[in-house]
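Reviewing the structure listed below.
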Amino acid sequence: QVQLVESGGGLVQPGGSLRLSCAASGIIFRAYTMGWYRQAPGKQRELVATIPSGGRTNYADYVKGRFTISRDSAQNTVYLQMDSLQPEDTAVYYCNAGNSLYNYWGQGTQVTVSS
């Protein structure tokens, strides 16, 4: 059974940093593009960043230069390093694993940026 388990969310002050992790199990990790998405209250879920296996990373314009996505194939884990966080980054952050056949989501982790 496929599981994507996110961790690392929390409350942080503006300008602060957080690192999210997503541990994947039940999938062939290298066969999936891994990604992070977020959903703020009253808004649609939106792309944050994606990282294919061995390919180029992709970032939404609103996080470029502040967020960094990476993956560790030995740990079947994808990370999102978030720096210079702003209140508008407040959202539930979801891990995603997708390819041409399948698409899986984690349960989400809350990130709140507030003073």
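Numbers for the structure displayed
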item	result
Size of charge dipole - the chain - debye, nearest 20, with Cβ of Lys, Arg +1 and Asp, Glu -1, no other charges	200 debye
Summed residue charge, Cβ within 14 Å of Y59's Cβ, Lys/Arg positive, Asp/Glu negative	0
Phi-based couplings in Hz for the stretch 4-13 (Karplus 6.51, -1.76, 1.60; Gly and Pro marked x)	10, 10, 8, 7, x, x, x, 9, 9, 7
Cα-only Debye scattering, the chain: base-10 log of I(q)/I(0) at q = 0.11, 0.18 Å⁻¹	-0.32, -0.85
Kirkwood Rh, Cα atoms: Rg over Rh of the stretch 19-72	0.98
Per-peptide average of other Cβ atoms within 10 Å, ordering 45-57, 77-89 highest first	77-89, 45-57
Proportion of all alpha-carbon pairs of the stretch 48-93 beyond 11 Å (%)	70 percent
Peptide ranges 14-23, 65-74 listed from the most packed, as the mean C-beta count within 10 angstrom indicates	14-23, 65-74
Size of electric dipole in the stretch 49-115: Cβ of Lys, Arg +1 and of Asp, Glu -1, about Cα centre, debye, nearest 20	180 debye
Accessible-area composition of the chain, carbon plus sulfur, in percent [1.4 Å probe]	46 percent
For the stretch 9-115: accessible area per residue (Å², 1.4 Å)	53 Å²
Over the chain, relative contact order from alpha-carbon pairs under 8 Å, at least 6 apart, %	36 percent
Cα-centre dipole for the stretch 1-56 with unit charges at Cβ (Lys and Arg positive, Asp and Glu negative), debye to 20	120 debye
Charge dipole (the chain, unit charges on Cβ, about Cα centre) - positive-most of W36, S53, G108	S53
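The values are calculated or read from the model by the stated rules, or taken from the named source; none is laboratory data. Fair warning: this is a prediction, and the values are worked out from it, not measured in the lab. No Cβ is skipped: glycine too gets one built from the backbone with ideal geometry, and neighbour counts run over all protein chains shown. Ligands, DNA and RNA are excluded from the accessible area calculation, which covers all protein heavy atoms including side chains. Shrake-Rupley method; radii C 1.70, N 1.55, O 1.52, S 1.80 Å.
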